Amino acid sequence: MSGSARSTIWFRLAVIYFAVAVTLGVGMGASGDHHLMPVHAHLNLLGWVSMTLFGLITHRFPAVGEGKLALFHFWVYNLSVPVMMVALTLRMNGMVAIEPLLGLTSGITWLAVMAFVIQVLTKAKS
Ligand code: HEM
Ligand code: HEM
């Protein structure tokens, strides 16, 4: 897949997270129940904000979205973040037993982020 095609997919994924996160934010504001605030914040920041930046950076430097490490970043991030958000929601609802999964998905998301960091440092050339 070309870098610019991957960039478009990041934008599409980003707005889906934006829709879910803002809906949750409005729900929190309307109900006065803010216990899912970390979920709202990280849906916005790992989803809407980070994915938009992945899309913009990949659009500016298509090579960042190409190759094995880009594929690793794409799939690992897109599988780990939603699982982490579901685990965080369960944790905020009192399920302490979910903590190992939350820790594991945090670490896996970190790995995906490191792949992106390496891509930018090695492939983003003016
Ligand atoms: C219609 C849009 C939004 C609504 C109604 C909304 C609502 C809220 C509410 C009710 C809280 C909880 C505040 C608290 O308990 O102290 C909150 C926290 C937060 N929201 Fe939103 N939000 C919206 C959009 C966004 C967007 C677009 C972002 C980021 C790009 C964002 C990032 C955050 C963050 C980081 C926090 C945690 C703040 C803290 O640490 O105190 N929100 N939001
Ligand atoms: C693997 C990824 C990440 C993990 C494991 C993580 C973990 C955490 C933790 C443990 C907290 C403290 C929550 C609390 O005290 O209740 C936190 C808060 C926060 N993080 Fe993250 N974070 C991640 C990614 C990010 C990113 C990418 C951003 C911004 C672009 C971000 C922005 C924030 C903000 C604004 C807060 C304060 C609001 C809140 O408590 O929810 N985080 N994060």
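Note on M95 and K68: the extension gain reaches 6.1 nm, defined as 0.36 nm multiplied by sequence separation minus the Cα-Cα distance. Sequentially through region 86-103, phi angles give Karplus couplings (6.51, -1.76, 1.60; θ = phi - 60°) of 5, 4, 5, 4, 5, 5, 5, 8, x, 7, 5, 5, 7, 3, x, 5, 5, x Hz, Gly and Pro residues having no value and appearing as x. Note on L104 and I16: the extension gain reaches 29.3 nm, defined as 0.36 nm multiplied by sequence separation minus the Cα-Cα distance.
Backbone phi angles across region 4-9, fed through the Karplus curve with coefficients 6.51, -1.76 and 1.60 (θ = phi - 60°), yield HN-Hα couplings of 6, 5, 5, 4, 4, 5 Hz in residue order; Gly and Pro are listed as x. Here the contact order of the chain, divided by its residue count and restricted to Cα pairs under 8 Å and six or more residues apart, works out to 30 percent.
Between D33 and V83, the FRET efficiency estimated from the beta carbon spacing at R0 = 22 angstrom works out to 0.40. Placing unit charges on each Cβ (+1 for Lys and Arg, -1 for Asp and Glu) gives the chain a dipole about its Cα centre, and among L13, A87, V64 the Cα reaching farthest toward its positive end belongs to V64. Convex hull of alpha carbon positions in the chain: directionally averaged projected area 7.5 nm².
Its Cα centre serving as origin, the chain has a Cβ charge dipole (Lys and Arg +1, Asp and Glu -1) of approximately 460 debye. Phi-derived couplings, Karplus 6.51 cos²θ - 1.76 cosθ + 1.60 at θ = phi - 60°, listed residue by residue for region 43-57: 4, 5, 8, 7, x, 3, 6, 5, 5, 5, 5, 4, x, 5, 5 Hz, with x used for Gly and Pro.
Here, each number is a calculation from the coordinates, and none is a lab measurement. These numbers were taken from a predicted model, which means no experiment stands behind them. Every residue, glycine as well, gets a Cβ built from its backbone with ideal geometry; the counts of neighbours run over all protein chains shown.
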